[in-house]
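Below you will find the structure I want to go over with you.
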Amino acid sequence: MSKQLNLDVRETIEKLRKEVEHHRFQYYVLDSPEISDADFDVIFHQLEKLEKDHPEYFSADSPTQKVGAAPSTEFLQVKHRVPLLSLANAMSEDDLDKWEERLGRGLELDESQLKQLKYVCELKIDGLSIALTYKDGKFVEGATRGNGEVGEDVTHNLKTISALPKELKAQANTYSGGVLNVPDMLEVRGEVYMPVSSFTELNEALIDEDEPAFANPRNAASGSLRQKDPRKTAKRKLSLFVYTAFVTDKEMVDPPNHFSELELLKLLGFPTEQNSKVAVGIDEVKAFCRDIDSRRHSFDYQTDGVVVKLDQRSLWNALGATSHSPRWAIAFKYPPEEAETLLEGIHFDVGRTGAVTPVAILSPVKLAGTTVKRASLHNADQIRRLDVRVGDTVLVRKAGEIIPEVLSVKLDKRKADSVPFEYPTTCPVCGHALEREGDEVAFRCPNTYGCPTQTKRRIEHFASRDAMDIEGVGEVLVDLLVDQNLIKDVADLYRLDAEKLKLLKWKDKKSGDAGKEKQGVKWIENVLSALEDSKTRPFANFIHALGIRHIGSSGAELLADRFNSVDQLQSATAEDILSIDGMGKAIAQSVVEFFESDLSKKLISDLRSLGVQMQVSDSEISARNAIEKTLTGKTFVLTGTLAMDRAQAEKMIKDRGGKASGSVSKKTDFVVAGASAGSKLAKAQELGITVLDEAQFKEMMGV
Ligand code: IVH
């Protein structure tokens, strides 16, 4: 080979290494992948192949020799007792056959022994791997994979996951592996995931709060588990499946078979995925993979393949592992589900806050178990990058198998007369010029109160469940009421009466009958009474209903905790809001701007005169007051691992008039130290601050 060519190879290898490092960082640390998993695999395999063909360029620093990405520096680091390896992939049934051959060679088995090998087939849950440590039956530490050797300490966040046992079940049960004791030390490995239903709910809420949505449940799970504030993780409804354990116990040894280990984990109280099965011979494995493929879209967790492991644990040791993955297991991956279809048009959705998002209108096509007619085009930059044009044949993929997106354009099928897509400069609904704020990717229609769609979505939000919870007032009714000029904005909802509702013309689905029932007297009564009921919702719901940018239901709760009435909130300064734990600059700014605007002032005064309650109710106040303010002026710092929920402990302090702070200083009155408390406890001792253990703290709280 010529010198020139070798130089090219070396440069290509270096370029690919950088690319792989970059994409791993985006994926593992920032939870913000720029390319699809399949595209990443292409680059990774290209690099692997070049390195294999050119061993002269071997480097122990190459990303092919490492797993995942460097841990984020925001969390304490945990060195794993046993490295968390990755898995080799089988992209087809042929690859499973090749693996079987390798097993045969490695274990020196003849044909008939090979056909008798037992495999455990488990679903490959698409979440993030974690290592959980239990000492004397108690959960003490949990860490992410990180780079495989060192991960991030996410113990507190993991404690908020209800599926995670905080204490192991002590049972005198016997199981096929022997007698079950609670082991002295147990490390369990598994996958934290976000159920598909929670993912959908979360994204709806994020969009509602004008925050960017997650691309798929895996990113959502990772982003949620790696929150600095465990209270945020707690709201994210994560779940967990475990699939392996390392046991250290005087009387107990690891079970001889992997399947009995899953059974052991279940008996100890861990959630294990219930479709796991023992298959005899690789053909049964293939049948399992096919069966799951036909059913996997009906599960409430996302699976992108099947993990196949040899059942007999002694064979694991016999085969060993490469630096990257064990030889006794393989991940059978389902191909990404993609389909080609015609792009019939590009539609623009206008949201409650005026964000204008492009949506591809497609010729209906079957994809991952559903018929897809619309797909995301994300934003103007994406349209430009893809150079997507109406009339093009496009490749559509379900990103994370949930939200379909346009992946690329089939240029070879492009018609000669196609014209580049011109991104609109005006709002497709009201015609107002669109704007782009700062470095935001989204274009917005700034005509907040004049754009009919924004008005409709604002009213719909006001009436929604987490806001004023007006039963029966949803998208369809709001659209009809606005279109027929029966209401113009939120306050008009409370000006509706039976006369007006009788005027409502229902759209007919076919011949004019749909909705007829709803026009009945009973329906009108129901709507009016739901409206009346909604006037006395808790103050936090009212704040949420106002639709202030960046204020979702949790932000509204924080504001209602601090301010007792809309009048107090209206006169709050940005500093007042910033002083609330969990409120940032952008949020404070947005709240102040909202209450300063004339239109908001009018809305509030209209709602007030229509009888809507906009303050903390007497019953809420008496519930708050019922707790004696015994801790007024006292500052607490919680540190170490507490058995009780940390957010709950902080609430107890606040309810009693105290303050929970994150750092120990001379101003700290009490430090509550849980297990393995470190530097904060040391500092408290140095400063002579009173240190309480959990039991003393509970006593102080009277619980
Ligand atoms: S076993 C050394 N089993 O897939 C064997 N992994 O691509 C380690 N995963 O890092 C993994 N479901 O995060 C195993 N049932 C399962 C799994 C599973 C999901 C993840 C895990 C692993 C990755 C490898």
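The values are calculated or read from the model by the stated rules, or taken from the named source; none is laboratory data. Everything quoted here is computed from the prediction, not taken from an experiment. Backbone-built Cβ (ideal geometry, glycine too); neighbour counts: all protein chains shown. Side chains are part of the model used for accessible areas, which takes the heavy atoms of the whole protein and leaves out ligands, DNA and RNA. Shrake-Rupley method; radii C 1.70, N 1.55, O 1.52, S 1.80 Å.
Could you give the length gained by full extension between GLN274 and GLN26, i.e. 0.36 nm per residue of separation minus their alpha carbon distance, to one decimal place?
86.1 nm
In addition: List the relative contact order of segment 549-605 as a percent without decimals, with contacts defined as Cα pairs under 8 Å and 6+ residues apart.
35
Same structure, new question: Can you tell me the accessible area per residue over the chain, all protein chains present, probe 1.4 angstrom, in square angstrom?
Accessible area per residue, the chain: 49 Å².
So if R0 is 51 Å, what FRET efficiency would ASP229 and GLN65 give, r being the distance between their Cβ atoms, rounded to the nearest 0.05?
Working: r = 35 Å, r/R0 = 0.69.
Efficiency at R0 = 51 Å is approximately 0.90.
Out of all DSSP beta bridges with both ends in segment 575-692, state the antiparallel percent to the nearest 5.
In segment 575-692, approximately 10 percent of DSSP beta bridges are antiparallel ones.
Same structure, new question: Relative to the longest principal axis of the chain, what angle (0 to 90°, nearest 10) does the C-alpha long axis of helix 585-596 take?
Roughly 20 degrees, rounded to the nearest 10.
Still on this structure: May I ask for the net charge around LYS138, where only other residues with Cβ less than 10 Å from the Cβ of LYS138 are counted and Lys, Arg are +1 while Asp, Glu are -1?
Around LYS138, the charge tally is 0.
Considering the chain, which cysteines have no disulfide-compatible partner, defined as another cysteine with its Cβ under 4.7 Å away?
Cysteines lacking a close Cβ partner in the chain: CYS121, CYS289.
List every residue whose amide H lies under 5 Å from the amide H of LEU692, counting only residues 5 or more places away in sequence or on a different chain, with H placed 1.01 Å from N in the peptide plane.
Counting only residues 5 or more places away or on other chains, the set is VAL671, VAL672, ALA673.
With Rg and the Kirkwood Rh both taken from Cα atoms, where does Rg over Rh land for segment 407-452? Don't skip to the end; give the middle numbers.
Numbers: Rg = 15.4 Å, Rh = 13.3 Å.
With Rg and the Kirkwood Rh in hand, the quotient comes to 1.16.
Under a 5 Å amide H to amide H cut-off, with H placed in plane at 1.01 Å, what residues pair with ASP469 once short-range neighbours are removed?
SER464
Quick one: 3J(HN,Hα) in Hz for segment 479-488, Karplus 6.51/-1.76/1.60 with θ = phi - 60°, rounded, Gly and Pro as x.
These are the phi-based 3J(HN,Hα) values: 4, 5, 4, 6, 4, 9, 6, 7, 9, 10 Hz.
Points 7 angstrom from Cα along the Cβ direction at GLU440 and SER571: gap in nanometres?
It is 3.1 nm.
Rounded to the nearest 5, what % of the DSSP beta bridges within the chain are antiparallel ones?
Details: 79 of 92 bridges.
Roughly 85 percent of the DSSP beta bridges within the chain come out antiparallel.
Another question, if that's okay. With just the Cα atoms defining each centre, how far is segment 107-152 from segment 415-493? Give it in Å.
Between the Cα centre of segment 107-152 and that of segment 415-493, the gap is 48 Å.
About the Cα centre, and with charges only on the beta carbon of Lys, Arg (+1) and Asp, Glu (-1), how big is the dipole of segment 246-387? Nearest 20 debye, please.
200
Quote the FRET efficiency, to the nearest 0.05, computed for ARG414 versus ALA675 with a Förster distance R0 of 60 Å and r equal to the Cβ-Cβ distance.
0.40
Once amide H atoms are built 1.01 Å from N in the peptide plane, which residues 5 or more positions from LEU367, or in another chain, come under 5 Å H to H?
So LEU367 has HN proximity to VAL372.
Solvent-accessible area of SER663, probe 1.4 Å, all protein chains present, reported in Å² to the nearest ten, please.
Using a 1.4 Å probe on the heavy atoms, I get roughly 70 Å².
Continuing with this model, one more query. For Cα pairs less than 8 Å apart in space and 6+ apart in sequence, what is the mean separation divided by the residue count of the chain, i.e. the relative contact order in percent?
About 9 percent, as a whole number.
For the pair LEU599 and ASP381, what calculated FRET efficiency results from E = 1/(1 + (r/R0)^6), where r is the Cβ-Cβ distance and R0 = 35 Å, to the nearest 0.05? Provide the component values of the computation, followed by the final result.
Values: r = 31 Å, r/R0 = 0.90.
For ASP381 and LEU599, the calculated efficiency is 0.65.
Starting from the Cα gyration tensor of segment 427-477, take the square roots of the eigenvalues, sort them a ≥ b ≥ c, and report rounded, prolate or oblate (rounded when a/c is under 1.5, otherwise prolate if a/b is larger than b/c, else oblate).
prolate
For a protection proxy built on the mean count of beta-carbon atoms within 10 angstrom, sort 613-619, 319-325, 668-674 highest first, please.
Final packing ranking: 668-674, 613-619, 319-325.
To the nearest 500 deg cm²/dmol, what mean residue ellipticity at 222 nm is calculated for the chain from DSSP H runs of n ≥ 4 alone, each contributing -39,500 (n - 2.57), summed and divided by the residues?
That comes out to -10500 deg cm²/dmol.
Measuring from a point 7 Å past the Cα of THR12 along Cα-to-C-beta, which residues in segment 36-61 have an amide N at less than 12 Å?
Backbone N within reach: 46-54.
What do you get for the angle between helix 553-562 and the principal long axis of the chain? Use alpha-carbon atoms, 0 to 90 degrees, nearest ten.
With both axes taken from Cα atoms, the answer is about 60 degrees.
Among HIS54, GLY305, THR160, which residue has its Cα positioned farthest towards the positive end of the charge dipole of the chain, with +1 placed on the Cβ of Lys and Arg, -1 on the Cβ of Asp and Glu, and the dipole taken about the Cα centre?
My answer, from the dipole projection, is THR160.
Go through 272-285, 48-61 and give me the packing order, highest mean Cβ count within 10 Å leading.
The densest-packed peptide leads the list: 272-285, 48-61.
Multiply the residue separation of ALA163 and GLU211 by 0.36 nm, subtract the distance between their alpha-carbon atoms, and state the gained length in nm to one decimal.
14.5 nm
To continue, here is another question. Quick one: Karplus J couplings for segment 628-634, per residue in order, coefficients 6.51, -1.76, 1.60, θ = phi - 60°, nearest Hz, x for Gly and Pro?
Here the 3J(HN,Hα) series is 5, 7, 7, 10, 3, x, 9 Hz.
Something else about it: How many percent of the accessible area of segment 338-397 is carbon or sulfur, using a 1.4 Å probe? Let's see the in-between values first.
Details: 1210 of 2410 Å².
Here it works out to 50 percent.
Moving on. Below 8 Å between Cα atoms, with a sequence gap of 6+, how large is the relative contact order for segment 577-703 in percent?
Relative contact order comes out at 20 percent.
Determine ³J(HN,Hα), in whole Hz, for all residues of segment 371-386 in sequence, where each value follows from phi through the Karplus function 6.51 cos²θ - 1.76 cosθ + 1.60 and θ = phi - 60°; x replaces Gly and Pro.
Each residue's phi maps through the Karplus curve to give 8, 9, 10, 10, 9, 6, 10, 6, 6, 4, 4, 5, 4, 5, 4, 7 Hz.
Could you please state how large a percent of the accessible area of segment 204-315 is carbon and sulfur, counting protein chains only and using a 1.4 Å probe? It would help to have the intermediate numbers written out before the result.
Details: 2510 of 4740 Å².
Using a 1.4 Å probe with all protein chains present, segment 204-315 comes out at 53 percent carbon and sulfur.
Now for a separate question. Taking the Cα atoms only, what angle lies between the long axis of helix 3-24 and the longest principal axis of the chain, rounded to 10 degrees?
That works out to roughly 50 degrees.
Also, I was wondering about something else. Using only C-alpha positions, report the orientation-averaged shadow area of the convex hull of the chain, nm², one decimal.
39.8
Another one. Can you list the residues of segment 464-495 with backbone N under 19 Å from a point 7 Å past the Cα of ASP533, pointing along Cα to Cβ?
Label zone hits: 464-478, 493-495.
Continuing with the same structure: Highest mean first, what order results for 441-453, 424-436, 120-132 on Cβ atoms within 10 Å?
120-132, 441-453, 424-436
Hey, got the dipole for the chain? About the Cα centre, +1 on K and R Cβ, -1 on D and E Cβ, debye to the nearest 20?
Computed charge dipole of the chain: roughly 840 debye.
If you add up the charges near ALA574, with Lys and Arg at +1 and Asp and Glu at -1, over every other residue whose beta carbon is less than 13 angstrom from its beta carbon, what do you get? Numbers along the way, then the final one.
Details: positive: LYS585; negative: GLU575, ASP576, GLU593, GLU596.
Its environment carries a net charge of -3.
So, one more: Averaging the inverse of every distinct alpha carbon separation and then flipping it gives the Kirkwood radius. What is it for segment 299-371, in angstrom units?
Result for segment 299-371, one decimal place: 17.1 Å.
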